[in-house]
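Below is one structure; the comments refer to it alone.
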Number of protein chains: 2
Amino acid sequence: MQEDKRHELASTVLDNPRNQRQEVQALQDTIYVIGGKWRLPIINSICNGNKRFREIERSIPGITTRMLSRELKEMEANQLIQRTVIPSTPVVVEYTSTDYCHSFGDIILEMIKWGKQHRERIKH
Amino acid sequence: MQEDKRHELASTVLDNPRNQRQEVQALQDTIYVIGGKWRLPIINSICNGNKRFREIERSIPGITTRMLSRELKEMEANQLIQRTVIPSTPVVVEYTSTDYCHSFGDIILEMIKWGKQHRERIKH
DNA sequence: GTTACCAGTATAATCAAGTATACCAACTAT
DNA sequence: ATAGTTGGTATACTTGATTATACTGGTAAC
């Protein structure tokens with residue numbers, strides 16, 4: 001039993017080339033940052049060229065103005081997006097993605113891929 | 001309203017080559033399936049070769065026995081993992097991943113990649 | 001014989017995430 | 001004039017996810 005533990009530790013820390021600990025940490029970090037129902041769909045929408053509040057809202061089925069408003073604020077604070085007010089008449093507000101925001105591209109792509117495959121799977 | 005809806009539908013379905021609607025749907029499906037803090041870390045742990053309950057538990061920082069127990073049950077019901085009881089003495093319980101479970105591999109990999117880059121970014 | 005491991009369950013509490021609904025001050029098109 | 005758009009805010013509420021803590025029955029090692 002004691003032997004077992006020593007062996008397990010050794011195999012995790014020393015033998016495992018992929019370093020499990022670090023990977024779990026990284027995974028949990030990512031889950032923390034993009035957690036919740038709306039973060040990723042909003043990022044996706046803005047990256048797809050939607051700029052205006054109502055435009056983004058309409059592009060995401062099920063989201064409420066409150067949630068969108070809250071998330072946009074937080075994402076602006078975290079430098080994921082940029083909010084620009086154009087002083088035309090009427091005033092126009094535009095949301096655009098930052099470089100940082102684009103770093104989620106691959107994750108979103110993989111998730112879209114999975115979602116599509118999943119639909120196919122349950123259809124047949 | 002009726003006009004509007006028809007127009008919106010037309011612009012989405014016809015004009016947009018990447019078919020936004022479908023992609024948002026796929027993305028939201030995926031988020032639904034892997035939602036929560038623990039699903040992905042558990043899948044990752046089991047795919048990394050952890051089989052025993054306490055072994056999985058120890059490999060995921062912060063998880064409680066209750067959450068692990070609940071998630072494992074649900075994941076077994078959804079055919080993401082297999083639970084095997086080996087009637088040795090003492091009885092041994094093993095959790096193993098199914099093929100379906102492996103379909104999350106790319107998502108997890110991308111998320112680990114992002115998490116590592118993120119650590120690097122905030123370190124400097 | 002007491003300490004520790006295994007595979008969990010039970011109970012209760014907390015707390016953030018999300019919903020529902022209404023409202024606002026501009027502005028615009030009919 | 002009035003119905004509708006835009007970019008939101010306010011208030012109240014629900015609920016589901018997660019945590020904390022304790023406990024169980026069996027095995028085994030010291």
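Results, tabulated for the structure shown:
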| quantity | calculated |
| --- | --- |
| Nearest-first distances (nm) between copies at residue A:73, label 7 Å from Cα via Cβ | 3.8 |
| Top of A:19, A:50, A:78 by mean-square fluctuation, Gaussian network on chain A, Cα under 10 Å | A:19 |
| Accessible area buried between chains A and B, both sides summed, probe 1.4 Å, in Å² to nearest 100 | 4300 |
| Most mobile listed residue (A:56, A:112, A:43) in chain A, GNM with C-alpha springs under 10 Å | A:112 |
| Average Cα contact separation per residue, chain B, under 8 Å, 6 or more apart, as relative contact order % | 19 |
| Residue among A:37, A:113, A:51 with the largest mean-square fluctuation in a Gaussian network model of chain A, springs linking Cα atoms under 10 Å | A:113 |
| Reachable lysines from residue A:37, criterion Cα separation under 17 angstrom, eight or more residues apart if same chain | A:73, B:37 |
| Calculated [θ] (222 nm, deg cm²/dmol) that DSSP helices of n ≥ 4 give over chain B, each run adding -39,500 (n - 2.57) | -18000 deg cm²/dmol |
| Between the stretch A:83-119 and the stretch A:32-52, the Cα center-to-center distance that results, in Å | 5 |
| Ratio Rg/Rh, restricted to the protein assembly as shown and using Cα atoms, in which Rh is the Kirkwood radius | 1.05 |
| HN-Hα J in Hz across the stretch A:41-46 - Karplus 6.51, -1.76, 1.60, θ = phi - 60°, x for Gly and Pro | x, 5, 4, 4, 4, 5 |
| Residues of the stretch B:37-123: accessible area per residue with a 1.4 Å probe, Å² | 55 |
| Cβ-vector label at 7 Å, residue B:54, separations to other copies in nm | 6.1 |
| Rounded FRET efficiency, nearest 0.05, which uses the C-beta distance separating residue A:124 from residue B:122 and R0 of 45 Å | 0.50 |
| Residue-averaged beta-carbon neighbours from other chains (10 angstrom radius) around A:45-57 | 1 |
| Interchain or long-range residues, amide H under 5 Å from residue A:92's placed H | A:86 |
| 23 Å Cα-Cα reach of residue A:123 towards lysines, excluding residues that sit fewer than 8 places from it in its own chain | A:113 |
| Carbon plus sulfur fraction of accessible area for the protein assembly as shown, probe 1.4 Å, in percent | 53 |
| Chain A, dipole about Cα centre (Lys/Arg Cβ +1, Asp/Glu Cβ -1), debye to the nearest 20 | 680 |
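The values are calculated or read from the model by the stated rules, or taken from the named source; none is laboratory data. Worth saying up front: this structure is predicted, and the values here are computed from it rather than measured. Cβ atoms come from the backbone with ideal geometry, glycine included; neighbour counts cover every protein chain shown. Surface accessibility is based on the protein's heavy atoms, side chains included, excluding ligands, DNA and RNA. Shrake-Rupley method; radii C 1.70, N 1.55, O 1.52, S 1.80 Å.
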